[in-house]
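Report on the following structure.
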Amino acid sequence: MRWRDAYHRLPKIVRFALVGCAGYCVDAGVLYLALYALGMGYYTGRIVSYALAASSTWYMNRRFTFPDSRNDDRLREWGRFVMLNLLGGGMNYAVYAAYVRMHAGSAATPAIGVALGSLAGMLINFYLSRWFVFNGRPDTDLTEH
């Protein structure tokens with residue numbers, strides 16, 4: 001069995017979480033580039049990293065989490081994904097900012113803050129994506145394959 005076949009047998013929430021892990025890598029990686037290569041601050045760098053992570057998770061969710069529910073108008077779907085996920089993104093950023101403010105000075109602080117923020121926003125973003133971006137109505141079974 002190919003990994004893609006096995007992946008599509010997982011419940012959507014698990015696929016969404018796996019995509020979220022990949023998005024975390026993009027988010028944290030871009031944040032560290034923004035901080036140490038571009039000289040941005042913790043807060044500005046995180047806005048840049050979140051924007052790139054949100055775009056990459058839209059694409060991965062489109063391909064792997066909700067492949068049967070994607071919209072043909074990619075730009076509109078991406079825009080709806082980004083706009084709706086700003087609610088979860090706001091929660092994500094608030095948790096990140098609070099953590100960074102309390103633990104500034106450690107090189108690990110940004111990555112830990114990104115992880116905590118990502119967890120805080122994940123469930124909000126899953127339901128918004130499922131109901132309003134990739135499907136017009138919610139599925140009744142969270143474990144649907």
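Odds and ends about this structure:
- Each residue in segment 52-89 was checked for being touching a residue at least 12 places away in the same chain (Cβ under 8 Å) and either closer than 30 Å to residue 104 by Cα or hydrophobic (A, V, I, L, M, F, W, C) (or both), and 18 of them qualify.
- Which numbered condition residue 68 fails, given (1) more than 18 Å from the chain's Cα centre (by Cα); (2) farther than 28 Å from residue 132 by Cβ: (2)
- Within segment 95-123, residues that are within 25 Å of residue 15 (Cβ to Cβ) have Cβ atoms under 7 Å from residues that are part of a helix (DSSP H, G or I) and basic (Lys, Arg) in these pairs: 96/46, counting only partners at least 6 apart in sequence or on another chain.
- Yes/no for residue 34 being surrounded by 13 or more Cβ atoms within 10 Å (Cβ to Cβ) and free of Cβ contacts under 8 Å to residues at least 40 places away in the same chain: yes
- Checking each residue in segment 79-118 for being at pLDDT below 90 and hydrophobic (A, V, I, L, M, F, W, C) picks out 81, 82, 83, 84, 86, 87, 104, 107, 108.
The values are calculated or read from the model by the stated rules, or taken from the named source; none is laboratory data. Not measured: the values here are computed from a predicted model. Counting neighbours? That spans all protein chains shown, and the Cβs are built from the backbone with ideal geometry, glycine included.
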